1. What is the one condition in (1) within 7 Å of chain A (Cβ to nearest Cβ); (2) touching a strand residue (DSSP E or B) at 6+ places or on another chain (Cβ under 9 Å); (3) in contact (Cβ under 8 Å) with a residue 40 or more places away in the chain that B:GLU52 does not satisfy?
2. Can we say A:ALA85 is crowded, with 22+ Cβ neighbours inside 10 Å and part of a helix (DSSP H, G or I)?
3. Quick one: what pairs do we get from region A:237-252, first residue touching a residue at least 60 places away in the same chain (Cβ under 8 Å), second of a type outside the set (Gly, Ala, Ser) and assigned to a loop (DSSP other than H, G, I, E, B), C-beta under 8 Å, 6+ apart or different chains?
4. Given the options A:ASP37, A:ASP100, name the one that is more than 9 Å from every other protein chain (Cβ to nearest Cβ) and more than 33 Å from the chain's Cα centre (by Cα).
5. Going through B:PHE42, B:PHE68, B:PHE26 one at a time, which residue ends up being touching a residue at least 12 places away in the same chain (Cβ under 8 Å), more than 10 Å from chain A (Cβ to nearest Cβ) and in a loop (DSSP other than H, G, I, E, B)?
6. Name the residue that is farthest from A:ASN186 (Cα to Cα), counting only residues in region A:201-258 that are outside any helix (DSSP H, G or I) and aliphatic (A, V, I, L, M).
7. Can you tell me how many residues in region B:110-142 are within 14 Å of another protein chain (Cβ to nearest Cβ) and within 22 Å of the chain's Cα centre (by Cα)?
8. Taking region B:52-85 as the search range and keeping residues that are among the β-branched types (Val, Ile, Thr) and within 20 Å of B:LYS134 (Cα to Cα), which one is surrounded by the fewest Cβ atoms within 10 Å (Cβ to Cβ)?
Amino acid sequence: MQPIFNPDSTGNGHTGTCVNCGCEGVIPGYRHALCGDCRSYFVRFPIPRWVQLFGAAVLLLLALALTQFPKRFSAALSLQRAKQAIQQKKYVTAQRRLQDVVADQPGCLDAKKYLAVAAFYNFDFAELDRMDSILAGTDIEETNAADNELDYVLRRYKDYYPSDSLRPKLDAYKDSAETLQLSLYNTWLQQYPDDFAYITTLYASACISLDKYAMADSLLNTALHRNGNHMRVLRYKVYLKQQLHQSDSALYFCDRILAINKEATIALAPKARILLRQGKKKDALQLAEESYSLSQGDAYSMATLALAYHFNKKFGERDRLIQQASHDSVQASYMEYARDVISGKENFNP
Amino acid sequence: MFIPGMYVSMITFPGVVVHELAHQLFCRWLKVPVFKVVYYQFDNPAGYVLHERPKQQWKSLFISIGPFFINTLLGILIALPAALPIASFSNPGFIDIVLLYLGVSIAMHAFPSRGDAEVIWSSIREEGTPMWLKILAYPVVGLIHLVAIGSFFWLDAIYGVAVTIGFPKLLVALCS
């Protein structure tokens, strides 16, 4: 049916015949005199073909895009949760989520920038280098939060590696760090002032190896004075204080690392061992489990958990973990200490 | 920046089409005869629907504000898959940009026009209009006029972008 009725020119006068087709049988009670057929027709006024095709094209495009939606939504959720984890200083959680985002959305630069940031705080410098090389050449925007975090991290990262000019000198000593002449320390510092943090931690490490703990402590204090958040220095401090049986001091430095990264296994596992030595078995077990769950491949965390199981009399779990470690040479070597403690060969509370 | 409404409507014509289609569909659902539909024209108004004035005034209200719901929902839905690559990942593809353009165009034409407000106004001023409907409709008419003024300051475009980009971001924030 084609409409012939022009509502612009016709009022709503009821003449008794349909204003569209002229037939009798107008349905009463409406403003326009229309018969049943015409009223039904106008109620279902046809939608032109081009509008239908336009709608179909939009729906087709929408259907195609919607197939991507679940994956994109999941990635967006992971990115959001990773950002929250970074705000909460939970960098292991953040790194795991960001790795998922980067795998799903390789074009997402922010995810790569945040991944580099999380990797730095997790001491995963291989991942940081990988992201840094991928991001090389991308624009840095001061207003972008990810850029600002990455910029901060990359400036700090320089403290963890020797400069290109220092590197050849170090190569000469790479197999015998302990033989470094301490007299070289000052010379190198004068020659390479930008490498202060690296040289200082290197010498502190050499001093620890040579059991020159007082010298090492002094060097580490100097380094911490320059940068109180240098995680490698803090890590050495924890080790050094453990060697000196200064457990409260060791705990203090563990907590300083954990203030930077709440999920730092380099602090969680040592802290668990210190608490075990202090007889706080349940707290130690909780920390050891947390450390192991955050880094299941970490041999030190694994051995710590075995010790925590042992002192909490969870012998079944302990033995399963020891058995599991036997398949990996690195884990087995760390577990050797735990086995010695368990068998009584090694004194855990010297 | 002032750009004449006709040009804005031309650039965002899919929204005009959906707006008029929404009026038409509400007429169909409420069994109100439609006599003429102009889905888009390069004129002012860019589109309109000529329909019988229903005897029940609430139908006039719903026919007039129907596009607000249809355009907003459709705009959000169409932009939904595309908004995340733009808002969260900053790596939109070509289809994403097309979908976002469609979504924003449709959502920004959600607001009823001044013509729609006049229909509501004349309808609720008829005798026998229930008080509850007047209480509901008067603020709606006022809002429509306010938004019409706001459109000089791109309020309609801001609304379109806000709902299409903002909704997926809100969804992610709520679920995270």
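The values are calculated or read from the model by the stated rules, or taken from the named source; none is laboratory data. For clarity, every value in this text was computed on a predicted model and none was experimentally measured. Note: ideal-geometry Cβ built from the backbone for every residue, glycine included; neighbour counts use all protein chains shown.
1. Condition not satisfied by B:GLU52: (3).
2. So A:ALA85 passes the test.
3. Close Cβ pairs satisfying both conditions: A:HIS245/A:PRO350.
4. Answer to the selection: A:ASP37.
5. Among B:PHE42, B:PHE68, B:PHE26, only B:PHE42 is touching a residue at least 12 places away in the same chain (Cβ under 8 Å), more than 10 Å from chain A (Cβ to nearest Cβ) and in a loop (DSSP other than H, G, I, E, B).
6. Looking only at region A:201-258, we keep the residues that are outside any helix (DSSP H, G or I), and these are A:210-212, A:227-230, A:244-246.
Right, trim to aliphatic (A, V, I, L, M) and you get A:210, A:244.
On the way: A:LEU210: 18, A:LEU244: 26 Å.
So, considering only residues that are outside any helix (DSSP H, G or I) and aliphatic (A, V, I, L, M), the one farthest from A:ASN186 (Cα to Cα) is A:LEU244.
7. 3
8. B:ILE65
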